[in-house]
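Working notes, beginning with the structure itself.
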């Protein structure tokens, strides 16, 4: 019988190549092993999407893939952030509050 840690290690190894670069950046910054551990910055539910607060535009480079621009969101809030500029600004505020808390607790960015 395989234990959870072995399963998790194998799972992470197999999934590493599947993750998009911005998802890897998000996981690394927040210290998550797998994207399934990430909570929506708005409601705390499971985050299924990594939202670019400042959009990358189609075919653009990854220069917008930095933690202050990547908000983990549930599907409902991601859809709302994509279509509502005021809500997108609210998401940015929530994300920056979480980053400030992280810096205060960890003592580093």
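The values are calculated or read from the model by the stated rules, or taken from the named source; none is laboratory data. Just so you know, these numbers come straight off a predicted model, no measurement behind them. For neighbour counting, all protein chains shown are included, and Cβ atoms are generated from backbone atoms with ideal geometry for every residue, glycine included.
Scan segment 38-57 and tell me whether some residue there is in a helix (DSSP H, G or I) and either within 9 Å of the chain's Cα centre (by Cα) or at pLDDT below 85 (or both). Break it down stepwise before answering.
The initial filter retains those residues of segment 38-57 that are in a helix (DSSP H, G or I), namely none.
No, the conditions are met nowhere in segment 38-57.
Restricting the search to segment 76-89, which residues are surrounded by fewer than 16 Cβ atoms within 10 Å (Cβ to Cβ) and either under 16 Å from the mean Cα position of the chain (by Cα) or outside any helix (DSSP H, G or I) (or both)? Reasoning before the result, please.
The first filter runs over segment 76-89 and keeps only residues surrounded by fewer than 16 Cβ atoms within 10 Å (Cβ to Cβ), leaving 76, 79, 82-87, 89.
Listed by number, the residues that qualify are 76, 79, 82, 84.
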